[in-house]
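Read through the structure below, which is laid out as structure tokens, and then see the notes.
The values are calculated or read from the model by the stated rules, or taken from the named source; none is laboratory data. Computed from a predicted model, the values in this text were never measured in an experiment. Because the Cβ atoms are built from the backbone with ideal geometry, glycine has one as well, and the counts that use them run over all protein chains shown. We work out accessible area using only protein heavy atoms, side chains counted, and drop any ligands, DNA or RNA first. Shrake-Rupley method; radii C 1.70, N 1.55, O 1.52, S 1.80 Å.
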Amino acid sequence: MAFEWSDDNNADSSSVVHSPAVKEEEEEEEEEEEEEEGNLEFSQLLLWKASSSSSSSSINSSVTNITDLPPALVSEILCRLDPKELGVISCVSTLLHRLASEHQGWKNFYCERWGLPLAPKSISSPGGKSWKDIFIERESRSRTFLGRYSIDILYGHTEAVRSVLVLSSSNLIFTAGYDSVIRMWDMEEGFSIASSRPLGCTIRALAADSKLLVAGGTGGFIQCWKAVEHLPHLFHLAASHTTNNSEFLQLWEHQGPVTCLALDPFRIYSGSWDMTVRVWDRSLFKCSMVLRHNDWVWSLVPRASALASSAGANVYFWDVDTGDLVSVLGNAHVGNTCSLARSHMGDLLFTGGDDGSIRMFECTNNCNFSPVASWNPHSDSVNSLAFEFPWLVSASSDGKMSLIDIRKLLKSSRSPAKVNQVAVTRTIVEPPQRMLHGFGWSLFSVGVGGDRIVCGGEEGVVRVWNFSQALEIEQRVQALREMRLDNRMQRRKLQMEMNLKGSQGHQCSVAAKNQMNINGNRNGSWHGRRGVGGKLKA
């Protein structure tokens with residue numbers, strides 16, 4: 001019999017006794033009802049988002065559930081959510097979990113922040129990680145720069161280090177400076193792999209990817225090394241032009257020292273104190289364009305077909321396809337604008353100047369940049385900036401490095417004109433999240449990659465701040481804290497139990513003593529009355 005009724009007809013529902021099978025069926029029905037309610041609530045939210053865009057004007061008003069929408073429209077609606085909203089939706093029901101977890105938006109989020117991962121082929125392979133898992137893993141790693149670190153010091157240069165470069169895809173570090181030698185280091189082990197012959201001038205700029213390494217300095221030329229196939233460390237630095245080696249090239253065009261270099265898949269960019277930026281064809285190694293400025297060029301950052309360069313106190317924005325000057329950001333700093341950095345999508349620009357301040361600009365329509373935030377972490381010129389979402393790292397002549405997390409300045413936009421557009425909260429001055437100091441020497445260059453910060457300066461050594469174990473150390477520290485807390489709570493519980501037993505024993509002893517006193521008083525009064533009676537009789 002499935003259930004039994006009580007004899008009392010007016011008994012409430014609590015008197016009904018159910019069998020285990022009926023209970024399981026009822027629990028399943030309740031879970032299904034909750035899931036349907038969750039689907040309905042989020043369906044209404046997503047339908048509201050869809051109705052706010054022009055592409056969804058043809059939605060039938062009778063549609064009440066997300067399952068009633070076409071798959072293409074559901075994908076379009078999910079594209080308008082940020083990572084946090086997608087994560088919340090995936091926790092509502094199994095249907096929404098599947099839709100949100102398999103959505104292509106996770107790949108877009110990842111590429112907008114960090115570009116394609118080092119090994120994208122493993123993602124689509126069977127059993128590989130999904131884009132959601134890769135995004136969450138990389139996002140969790142972004143907290144490492146707030147954790148603990150170790151410092152490795154690389155010795156080898158005999159004079160000040162003017163430029164450092166981190167090639168995290170190959171676990172390599174490149175450094176150069178006043179001793180005119182370029183050195184290659186293993187990023188994991190910290191030992192020197194190779195070094196170039198002396199180039200005869202101070203090397204002020206380095207740029208590299210997996211196929212090409214370029215260096216420039218006060219000699220006015222650009223030294224190029226092509227990657228050598230099957231070579232573990234990519235480049236044969238010891239090669240020279242006297243050996244007729246095709247992997248070794250020199251480009252001569254500038255009339256002054258080369259101060260900055262950059263690469264993209266098709267071009268080489270070089271800036272010089274001859275007040276020009278030259279754009280080189282990467283396949284032909286020929287200068288294809290000259291962009292002229294009104295002052296010495298200090299820094300440049302390309303993104304797609306746009307190029308930002310700093311000369312004097314101004315920042316210039318160029319279209320490298322046409323060679324046209326698009327806009328000028330005047331007087332970005334008091335003094336020279338010494339360093340530039342840009343987000344991966346190019347919508348955020350960071351500048352550092354002689355006044356020790358760092359400024360953040362947002363790209364608006366027609367490559368116009370509006371100011372967003374500023375920091376004043378340094379007391380001397382900001383010589384170098386490096387950005388890897390969400391961290392902006394600066395190196396200054398005051399011997400300090402600042403670490404700035406820009407996530408709290410960013411907010412996902414709901415504008416239908418641009419998917420996942422970044423809107424920025426207008427903030428005037430922000431403090432840096434962390435300062436690394438104690439060098440005592442001027443810092444000239446900084447690089448970020450592979451959970452490491454690499455800096456070089458007047459001291460003549462290269463310092464590597466290793467944060468790769470920060471999360472594991474934090475987890476161990478948190479586990480120890482929890483163990484200590486548990487032990488403290490157990491000791492407190494035992495102490496309370498002992499105090500309770502002691503108070504109970506004390507109460508028993510007090511009661512016994514009171515009882516003895518009462519008995520004693522009774523006996524004393526009886527004997528007293530007898531004594532009085534005897535005396536009276538006498």
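Could you list all residues from segment 344-369 that are open to solvent by less than 20 Å² (accessible area, probe 1.4 Å), in contact with a Lys or Arg (Cβ under 7 Å, 6 or more places away or on another chain) and outside any strand (DSSP E or B)?
Gly346
Kindly provide the set of residues from segment 433-467 that are open to solvent by less than 40 Å² (accessible area, probe 1.4 Å) and more than 15 Å from Ala386 (Cβ to Cβ), ordered by number. Steps first, please.
Looking only at segment 433-467, we keep the residues that are open to solvent by less than 40 Å² (accessible area, probe 1.4 Å), and these are 436, 439, 442-457, 460-462, 464-467.
Correct list: Phe439, Ser442, Gly460, Val461, Asn466.
List the number of the failed condition for Gly460; all other conditions in (1) in contact (Cβ under 8 Å) with a residue 12 or more places away in the chain; (2) at negative phi hold.
All conditions are met except number (2).
Look through Asn376, Asn331 and report the one residue that is more than 24 Å from Phe444 (Cβ to Cβ) and either in contact (Cβ under 8 Å) with a residue 60 or more places away in the chain or not small (Gly, Ala, Ser) (or both).
Values: Asn376 fails: more than 24 Å from Phe444 (Cβ to Cβ).
Result of the check over Asn376, Asn331: Asn331.
Which condition does Lys129 not pass, out of (1) more than 26 Å from Ser468 (Cβ to Cβ); (2) basic (Lys, Arg); (3) in a loop (DSSP other than H, G, I, E, B), if it passes all the others?
(1) is the only condition that Lys129 fails.
From the residues in segment 160-214 that are of a type in the set (S, T, N, Q) and assigned to a loop (DSSP other than H, G, I, E, B), which one is surrounded by the most Cβ atoms within 10 Å (Cβ to Cβ)? Let's see the steps before the verdict.
Taking segment 160-214 first, the residues of a type in the set (S, T, N, Q) are 163, 168-171, 175, 180, 192, 195-196, 202, 210.
Next cut, assigned to a loop (DSSP other than H, G, I, E, B) only: 171, 180, 196, 202, 210.
Details: Asn171: 15, Ser180: 19, Ser196: 24, Thr202: 18, Ser210: 12.
In this case the residue turns out to be Ser196.
From Leu261, Leu307, Leu300, which residue is at pLDDT below 95, surrounded by 21 or more Cβ atoms within 10 Å (Cβ to Cβ), in a strand (DSSP E or B) and under 30 Å from the mean Cα position of the chain (by Cα)? Spell out the reasoning first.
Details: Leu261 fails: at pLDDT below 95; Leu300 fails: at pLDDT below 95.
The match here is Leu307.
Has segment 196-219 got at least one residue that is in contact (Cβ under 8 Å) with a residue 40 or more places away in the chain and touching a His at 6+ places or on another chain (Cβ under 7 Å)?
Checked segment 196-219: no residue is in contact (Cβ under 8 Å) with a residue 40 or more places away in the chain and touching a His at 6+ places or on another chain (Cβ under 7 Å).
State whether the residues of segment 251-272 include one that is in contact (Cβ under 8 Å) with a residue 24 or more places away in the chain, farther than 21 Å from Met184 by Cβ and of a type in the set (Val, Ile, Thr).
Yes, segment 251-272 contains a residue that is in contact (Cβ under 8 Å) with a residue 24 or more places away in the chain, farther than 21 Å from Met184 by Cβ and of a type in the set (Val, Ile, Thr).
Pick out the one residue from Pro198, Pro232 that is modelled with pLDDT under 90, out of contact with any strand residue (DSSP E or B) (no Cβ under 6 Å at 6 or more places or on another chain) and either of a type in the set (S, T, N, Q) or farther than 30 Å from Met345 by Cα (or both). If you could, list the steps in order and put the result at the bottom.
Details: Pro198 fails: modelled with pLDDT under 90.
Just one listed residue meets the conditions, Pro232.
When segment 370-396 is examined, which residues are found to be out of contact with any Cys (no Cβ under 7 Å at 6 or more places or on another chain), of a type in the set (S, T, N, Q) and not in a strand (DSSP E or B)? Spell out how you get there, then give the answer.
Going through segment 370-396, the residues out of contact with any Cys (no Cβ under 7 Å at 6 or more places or on another chain) turn out to be 370-380, 384-394, 396.
Then drop every residue that is not of a type in the set (S, T, N, Q), which leaves 370, 374, 376, 379, 384, 394, 396.
Selection gives Asn376, Ser379.
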